[in-house]
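Worksheet: the structure to be examined is printed underneath.
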Amino acid sequence: MLVAGLSGSGRSQAVRALEMMGYTCTDNLPPRLLAAFVEEPSTTGGPRAAVLDARGLDRDGLAGLVGQVRALDAQVIYLEAETDTLVRRFSETRKTHPLDTGAGLRGAVEEERGRLGELREVAEVVDTTDMRVDELVSRVQELVAGEAGAPRVGASLPVNLVTFGYKYGVPTEADWVIDSRFLENPFYVPALRDLTGRDAAIRDFVLGSPLTGPFLDGVAAVLEPLLEGYREWGKPALFVAVGCTGGRHRSVVLAEEIARRLEASGVAATVRHRDLDR
């Protein structure tokens, strides 16, 4: 297990989440020592994780590191957040960014983002911009537990779906974004307004639209054949975000139906509802 990402995005909390699951964690492992870390047997016999740091990693070093990660077939969790959020976090804690050599905090954040960009492409990305600490811990544990339960060799690429409300922002870590706002909004039906997509009445309302069936068929027809290509590219999972206005009705129904169809065709799928309780 490898943890990487931007300074200030919550790597220490990810380590805490892994330690709670029994992992022995090595913090800020120099990338050049990754091979030695993998070859060294565990002293506890349990699972191990390493946190990778951007310091000392130039472009050539990054290419070599990404090659190693691909060869190891390792799971990588990559944490990030919006630049303004990272700047605020560093300002509040009064810590110095590890890449800040005098050019300014914002420049250091963008430099780190650039250095790690290629590693991000082979990782499961978690955007912590709007996450509480407990949400981050739960998300990391969810990713690890899901990975532990799914075979990596010969299986289809797993799909992680998250629902969201456009009024609260699009998840920046999404590989695909599906917009469900073309469907009639149950919010404007008084009897349905206070329900959510998990309620049968909302599900019947959304799935009863003549537009829904053909749309879901089209999503499945486009998505399923591409999963092997994403896997060969090095993606550990495909992150699909499904949005509606508030993230409580249409997107919830569609995401759960997409997951059901994927599972029926042998693709592992998970669903998380980001804005359901807002």
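The values are calculated or read from the model by the stated rules, or taken from the named source; none is laboratory data. The shown structure was predicted, so the numbers you read here are calculated from the model rather than taken from an experiment. As a convention, Cβ positions derive from the backbone with ideal geometry for all residues, glycine included, and neighbour counts pool all protein chains shown. Note: accessible area is taken over every heavy atom of the protein model, side chains too, but ligands, DNA and RNA are not part of it. Shrake-Rupley method; radii C 1.70, N 1.55, O 1.52, S 1.80 Å.
When Tyr188, Tyr230 are checked against the criterion of being closer than 16 Å to Ala268 by Cα, out of contact with any His (no Cβ under 8 Å at 6 or more places or on another chain) and open to solvent by 30 Å² or more (accessible area, probe 1.4 Å), a single residue qualifies: Tyr230. When residues in the stretch 220-261 are screened for being part of a helix (DSSP H, G or I), of a type in the set (D, E, K, R) and in contact (Cβ under 8 Å) with a residue 12 or more places away in the chain, 7 of them pass.
Residues that are modelled with pLDDT under 85, part of a loop (DSSP other than H, G, I, E, B), touching a Phe, Trp or Tyr at 6+ places or on another chain (Cβ under 8 Å) and surrounded by fewer than 12 Cβ atoms within 10 Å (Cβ to Cβ) do occur in the stretch 41-53, at least one of them. Tally up the residues in the stretch 186-206 that are in a loop (DSSP other than H, G, I, E, B) and more than 18 Å from Gly243 (Cβ to Cβ), please. Of the residues in the stretch 186-206, 8 are in a loop (DSSP other than H, G, I, E, B) and more than 18 Å from Gly243 (Cβ to Cβ). Candidates in the stretch 145-185 are the residues that are small (Gly, Ala, Ser) and outside any loop (DSSP other than H, G, I, E, B); of these, the one that is modelled with the highest pLDDT is Gly165. Scanning the stretch 162-187 for residues that are of a type in the set (S, T, N, Q) and more than 13 Å from the chain's Cα centre (by Cα) gives Ser180, Asn185.
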